[in-house]
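A.B. asks: Sharing a structure here in C-alpha cells format.
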Amino acid sequence: MNKYTDQSDFEINKKVASHYLPCDYNINEHTKTVELICYLGDTDEYNAYATFAPCSNPASAWDLILDAKLSIHPDFNNDCKSWVVRNVHIPMVNETNLARAISIAYLLFKDVENETNNKR
C-alpha cells in the first residue's frame, strides 16, 4: 500500500494535474472535476473546454505512461483480475482500475523525482 491508495480519484486527478498539465486548469470542487480552461480576453472569466481525469480516462493516462516510462502487465498472481504498473524507481502499484494504477504510479514517480532533485 502507498500513500495514494486510499485517496479518491478526484484527489489523485488534482495531484496529477499539478504535476503534469502545461495549460491553465480549474479545480471544480462542486462537480469533483479538473477542468481545462481558457481565459476570455484580459478578464478573470474563463471557459472550461474539457476535463482532465486520468483515473477514469485512458486517453488522459496515456501520456503519463510515456512520461514516467511505466511498464504495465496483468497481475498473474491474482488471476489477471488487477493490473501491475511499475518502473525501476517506484514500488509496484496493483489496482483493478488500470487508469487509476497508472495515475498512482505517475505520482510515485514524481515523488521520487522530487526527492532526487532536492538532494542535489
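A.B. asks: So, in the stretch 55-90, exactly how many residues are touching a residue at least 24 places away in the same chain (Cβ under 8 Å) and touching a His at 6+ places or on another chain (Cβ under 6 Å)?
C.D. replies: The total comes to 0.
A.B. asks: In addition: Restricting the stretch 1-49 to residues that are assigned to a loop (DSSP other than H, G, I, E, B) and touching a residue at least 60 places away in the same chain (Cβ under 8 Å), which is nearest to the chain's Cα centre (by Cα)?
C.D. replies: Step one: of the stretch 1-49, the residues assigned to a loop (DSSP other than H, G, I, E, B) are 1-8, 21-24, 29-32, 40-45.
Remaining after also requiring touching a residue at least 60 places away in the same chain (Cβ under 8 Å): 2, 4-5.
Numbers: N2: 14, Y4: 10, T5: 12 Å.
Looking at residues that are assigned to a loop (DSSP other than H, G, I, E, B) and touching a residue at least 60 places away in the same chain (Cβ under 8 Å), I get Y4.
A.B. asks: Follow-up. So, in the stretch 37-51, how many residues would count as being within 28 Å of V85 (Cα to Cα) and either hydroxyl-bearing (S, T, Y) or at pLDDT 95 or above (or both)? Spell out how you get there, then give the answer.
C.D. replies: The first filter runs over the stretch 37-51 and keeps only residues within 28 Å of V85 (Cα to Cα), leaving 50-51.
Restricting the remaining residues to those that are either hydroxyl-bearing (S, T, Y) or at pLDDT 95 or above (or both) gives 51.
Result for the stretch 37-51: 1.
A.B. asks: Tell me yes or no: at least one residue of the stretch 92-101 is within 13 Å of the chain's Cα centre (by Cα), modelled with pLDDT of 95 or more and either on the phi > 0 side of the Ramachandran plot or surrounded by fewer than 19 Cβ atoms within 10 Å (Cβ to Cβ) (or both).
C.D. replies: Checking the stretch 92-101: at least one residue is within 13 Å of the chain's Cα centre (by Cα), modelled with pLDDT of 95 or more and either on the phi > 0 side of the Ramachandran plot or surrounded by fewer than 19 Cβ atoms within 10 Å (Cβ to Cβ) (or both).
Conditions tested, residue by residue: (1) assigned to a loop (DSSP other than H, G, I, E, B); (2) surrounded by 13 or more Cβ atoms within 10 Å (Cβ to Cβ); (3) out of contact with any helix residue (DSSP H, G or I) (no Cβ under 6 Å at 6 or more places or on another chain).
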{"site": "C55", "(1), (2), (3)": "yes, yes, no"}
{"site": "S60", "(1), (2), (3)": "no, yes, yes"}
{"site": "L66", "(1), (2), (3)": "no, no, yes"}
{"site": "H73", "(1), (2), (3)": "no, no, yes"}
{"site": "V85", "(1), (2), (3)": "no, yes, no"}
{"site": "V88", "(1), (2), (3)": "yes, no, yes"}
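A.B. asks: If you don't mind, another one. Quick one: in the stretch 102-120, of everything that is more than 20 Å from C55 (Cα to Cα) and among the basic types (K, R), which residue is surrounded by the most Cβ atoms within 10 Å (Cβ to Cβ)?
C.D. replies: Here the answer is K119.
A.B. asks: In the stretch 1-23, which residue that is touching a Leu at 6+ places or on another chain (Cβ under 9 Å) and of a type in the set (V, I, T) is surrounded by the most Cβ atoms within 10 Å (Cβ to Cβ)?
C.D. replies: Here the answer is V16.
A.B. asks: Any residue in the stretch 55-66 that is under 16 Å from the mean Cα position of the chain (by Cα) and over 20 Å from K14 (Cβ atoms)?
C.D. replies: yes
The values are calculated or read from the model by the stated rules, or taken from the named source; none is laboratory data. Given the structure is predicted, the values throughout are model-derived calculations rather than measurements. Cβ coordinates were reconstructed from backbone atoms using ideal geometry, including for glycine residues, and neighbour counts include every protein chain displayed.
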